[in-house]
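One structure is given below, encoded as structure tokens.
Nothing in this text is a laboratory measurement; each read-out follows from the coordinates by a stated rule. The structure displayed is predicted, hence computed values, not measured ones. Here Cβ is always computed from backbone atoms with ideal geometry, including for glycine, and neighbour counts include all displayed protein chains.
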Amino acid sequence: MRIARLTLALSIAALALAGCATVSPEARVRSKLIEAGLRPRVASCMAERMVDRLSLVQLKRLQSLGGLASHDMRGMSVDELVYRLRALNDPEIVSVVLKAGIGCSIAS
């Protein structure tokens with residue numbers, strides 16, 4: 001009986017770890033936005049909109065914004081954010097991120 005329980009517990013743990021290995025893009029974006037200082041509710045809203053409207057390549061390009069991961073977004077001006085987004089040379093990224101940020105901030 002104890003061996004069966006141990007086997008079941010190990011199987012559940014293995015499945016849980018396997019599930020963690022495949023984190024969705026939305027969960028990754030949400031996590032990064034929260035780390036950058038956004039409220040969880042706003043981060044969830046923005047992540048959903050951004051993942052729906054941007055390709056995986058565009059989302060990866062957003063990761064390349066130097067210093068944003070360690071920068072508290074609350075201290076960043078809108079001008080600075082727009083400047084950094086424009087540096088990616090992708091107008092769709094600029095549009096989607098700013099619309100998501102404004103829409104989700106108002107809705108939350």
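Between residue 86 and residue 106, full extension at 0.36 nm per residue minus the direct alpha carbon distance yields a gain of 4.9 nm.
Fewest to most neighbouring Cβ within 10 Å: what's the order for 106, 93?
Listing 106, 93 from fewest to most nearby Cβ atoms yields 106, 93.
Calculated on the Cα set of the stretch 24-107, radius of gyration then Dmax: 11.4, 30 Å.
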